[in-house]
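The values are calculated or read from the model by the stated rules, or taken from the named source; none is laboratory data. The structure presented is a predicted model; accordingly, all values stated were derived computationally and were not measured. Don't worry about glycine lacking a Cβ; one is built from the backbone with ideal geometry, like all the others, and counts go over all protein chains shown.
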Amino acid sequence: MPGGGNDLHTSNSQSPLQPSTAAGAAYDGLNKEEADFEPNVVTPTKGNKRLRILLAVLAGLVLIIVAIVLGVYFGVIRNKNSGSAASANGGSSSTSGPKPTGTTGPASAVVYGGDGTQVTTDQGNTFTYSNKFGGYFVHDPSNPFNNGARAQSWSPALNETWEYGKDKILGVNLGGWLVLEPFITPAIYQKYPGAIDEWTLHTLMAADTAGGGLKQLEDHYNTFITEEDFAQIAGAGLNWVRLPIAYWAIDTWEGEPFLPKVSWKYALKAFDWARKYGIRILLDLHATPGSQNGYNHSGQSGKVNLLNGVMGIANAQRLLHYIRIFTEFISQPQYQDVIPMFGIVNEPTGMDFGPLNNFDLEAHRIIRNITGVGAGHGPYISVQGGNSSSFPDHHPGNNDLKGYVGSDRMAMEQHPYFAFDGAGAEDVVPYITRPCSNWADMMDTSQRTFGFTSAAEFSLGFNDSGFMLHSVADEHTTADCTQWDEWENYTPTQKSNLMSFAMSNFDALQNFFFWTWKIGPNTIANSPRSPLWSYKLGLDNGWIPKNPRDAIGHCASLGIAQPEPFSAYQPWQTGDGSGVINAADQANYGTWPPTSIGDIPNATLLPTYTATGPIPTLPPQTYPAPTPQATFDAGDGWFDDADTIPGITTVAGCSYPNAWDATAVPVPAAVCTGTPTRKKREPIPLPIITPM
């Protein structure tokens, strides 16, 4: 939500966007036929009885030694300090919980680690893993897709079933990493005073070859979030992350300045690190073609061109194209347990929500045609609810409507913020109880009417203090932000009140993702100046609890009764249905494309793209060759081999207005037609950035 601001920005480009014609070299992945594991077994020759006996004795000794080593490790080292872990009610509890399962020996060389284990990263850095909650990591060089890790004793390992309604999402966002925002990474924007969003930032960086050019973006991707952050997230008692990503992780079209494809390399690192530490990911499509909300995190500030204006349908077609490509990748068996939820568009606003509902059902159709229907077949599909404490009725799941009845595993996400209510409050105390009184019942209602619901963004921002929070103009309704921005001067009372406010949020929201994990320093103070938005800063300095489960019952302790936790989902909401939308909702929202959008009553006249283009395929991670005793299948980026429909492209012979600035363009008098050419799907290679 941050970054709405009042900055208006229009592209300088007057030429219509065209698909990029640059074709990458094909990626040569591992063959699927190499997936079968055959251990290297030594077989004694017939008749050599003495040799067989000797080998048996040696094998027995090896097994005894391995058993002793593992027993010492898991009984002493991994469980060190296990008795200090806090329980759900704040008391002490054992973290002896489930033990890891895996294999050891020369064929697999699996490495397990718990609290106190030293970790060496792929870049050669070292740190000590701290996890007081019984979590353990798994590093398996001969099978990088080993899902045996567990974030905490109370969280299912990745190779175990997550039970929605029983297991609680305790999560954080990785905002500002692969999708930059001024208030999260202010120093980058301060270097380029004309930058107000990623469009202008990438443009100015590209022109600044002496200052590092666009390589500065990869430097940011490489350092802002690292493996140690994932280890710290698990050690903080958190079990999920929400990972914002932009469509340009796949490609860009001609005229768009964004650095294409590079962020995908770091998304793959995120998948690896999450797998290693037992953390699940909600992959969130945070920036869309044409902008879904006009905020600075959407690619370009100013105008909304998704499902709005003359290019509204074409931009939606292109977004569905990218949703398809992401879905094909994350639905592969190598990734589906690590990325069990996919947010298809972040904070859509500025368009009519009727067409947005149509968009959701079309995305549902596309995704389930790829994955199939039912639990274990692709991710939950997370759609957007409200962005304020009042939860606007953006989707039929809110208030009195029942949602997309019969759909397969659609989830609702809310973004409840106090910071943007315009009150400019000076003190947090009046807000401490408000999550309990304002949000708990509404979250419960959404659970009962729509299905699984999470607070996918919220913060401790009870006012709009925070450097560049709204925009690079750094304007605020709060009169005095100093006392809340300069966290080094917080008093014990301030920290205590913020702690209570944090626990009210955690308790009321039940399943949540705090926005965000960390805030970077600005160049003036050389320190974060949006501290109410940094989980890590609050965790390290005493205003966010060391164990998020300590918040259970906090609202009741403040005298505000809470609804009973809800878990009685309908079968279709959790993967036991047919995936067929009921007739009423299909009649209301099942038409695609919609027949009207915004103030355009006849959307059939609007420009559209045609399905005759190449289909980009996201490349998988590359790993060192496994030992001779083991092979693995890394996937090829495309789950459904039967999905061969071409990608979208412009219609030959048709002209298109600027897809990022078409809200004031007249509606065409007639539909333009052309004669397109069919092209095949082409893989996208992982890019290598060269110095500029």
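What the table shows:
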| read-out | value |
| --- | --- |
| Which numbered condition Phe513 fails, given (1) in a strand (DSSP E or B); (2) surrounded by fewer than 17 Cβ atoms within 10 Å (Cβ to Cβ) | (2) |
| Count - residues of the stretch 475-497 that are surrounded by fewer than 24 Cβ atoms within 10 Å (Cβ to Cβ), assigned to a helix (DSSP H, G or I) and not β-branched (Val, Ile, Thr) | 10 |
| Number of the condition not met by Arg242 [criteria: (1) surrounded by fewer than 22 Cβ atoms within 10 Å (Cβ to Cβ); (2) of a type in the set (D, E, K, R); (3) closer than 15 Å to Leu178 by Cβ] | (1) |
| Extreme residue, modelled with the lowest pLDDT, among residues of the stretch 666-692 that are surrounded by 14 or more Cβ atoms within 10 Å (Cβ to Cβ) and among the β-branched types (Val, Ile, Thr) | Ile689 |
| Leading residue by the ranking (surrounded by the fewest Cβ atoms within 10 Å (Cβ to Cβ)) among those in the stretch 530-568 that are aromatic (Phe, Trp, Tyr) and at pLDDT 95 or above | Trp543 |
| Selection within the stretch 163-190 - in a loop (DSSP other than H, G, I, E, B) and in contact with a strand residue (DSSP E or B) (Cβ under 7 Å, 6 or more places away or on another chain) | Ile169, Leu174, Gly175, Leu178, Val179 |
| Test: residue in the stretch 633-647 that is modelled with pLDDT of 95 or more, surrounded by 20 or more Cβ atoms within 10 Å (Cβ to Cβ), acidic (Asp, Glu) and out of contact with any helix residue (DSSP H, G or I) (no Cβ under 7 Å at 6 or more places or on another chain) | yes |
| Filter result for the condition that a residue is surrounded by fewer than 22 Cβ atoms within 10 Å (Cβ to Cβ), at negative phi and small (Gly, Ala, Ser), over Gly354, Gly372 | Gly354 |
| Residue match in the stretch 552-575 (condition: in contact with a Phe, Trp or Tyr (Cβ under 9 Å, 6 or more places away or on another chain), of a type in the set (A, V, I, L, M) and assigned to a helix (DSSP H, G or I)) | no |
| Residue satisfying condition, being under 20 Å from His476 (Cα atoms) and surrounded by 21 or more Cβ atoms within 10 Å (Cβ to Cβ), within set Ala419, Ala425 | Ala419 |
